[in-house]
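A quick write-up on the structure given underneath.
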């Protein structure tokens, strides 16, 4: 089972037990993150497509680290004018380990179990 989630203006495919590099998120290391903008859940014949999002679905994860990507060189030049500019850029990102992908039915059953235990 996997899901397509939207964060930082981009869409990512997530699976339980795998990590994901997304645009920089607020939060400390080992803190929980919930992606509630789930565009699609793929689970065989039980797949769901949202319009635009699947209602009640979410992907939960833990922040592993904040880091910078490899350097990208930006070089500008105007021919025959003597204009040359060389700059570098390192994009910041957050690595998130996906722990759980939940649908609305799974959320309701989890809440019912919590209420029964309490």
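Among (1) surrounded by 12 or more Cβ atoms within 10 Å (Cβ to Cβ); (2) outside any strand (DSSP E or B), which single condition is residue 80 missing?
It fails just one condition, (1).
Criterion first (assigned to a strand (DSSP E or B) and closer than 12 Å to residue 103 by Cα) does residue 60 satisfy it? Even if it seems obvious, please write down each step before you answer.
Values: assigned to a strand (DSSP E or B): yes; closer than 12 Å to residue 103 by Cα: yes.
In short, yes.
Restricted to segment 92-118, and to residues that are in contact with a strand residue (DSSP E or B) (Cβ under 8 Å, 6 or more places away or on another chain) and surrounded by fewer than 13 Cβ atoms within 10 Å (Cβ to Cβ), which residue is modelled with the highest pLDDT?
Of all residues in segment 92-118, those in contact with a strand residue (DSSP E or B) (Cβ under 8 Å, 6 or more places away or on another chain) come to 92-103, 107, 110.
Those still in the list that are surrounded by fewer than 13 Cβ atoms within 10 Å (Cβ to Cβ) too: 92, 110.
On the way: 92: 97, 110: 68.
My answer is 92.
The values are calculated or read from the model by the stated rules, or taken from the named source; none is laboratory data. Remember, it's a predicted structure, so these values are computed and weren't measured experimentally. So basically every Cβ, Gly included, is an ideal-geometry build from the backbone, and we count neighbours across all protein chains shown.
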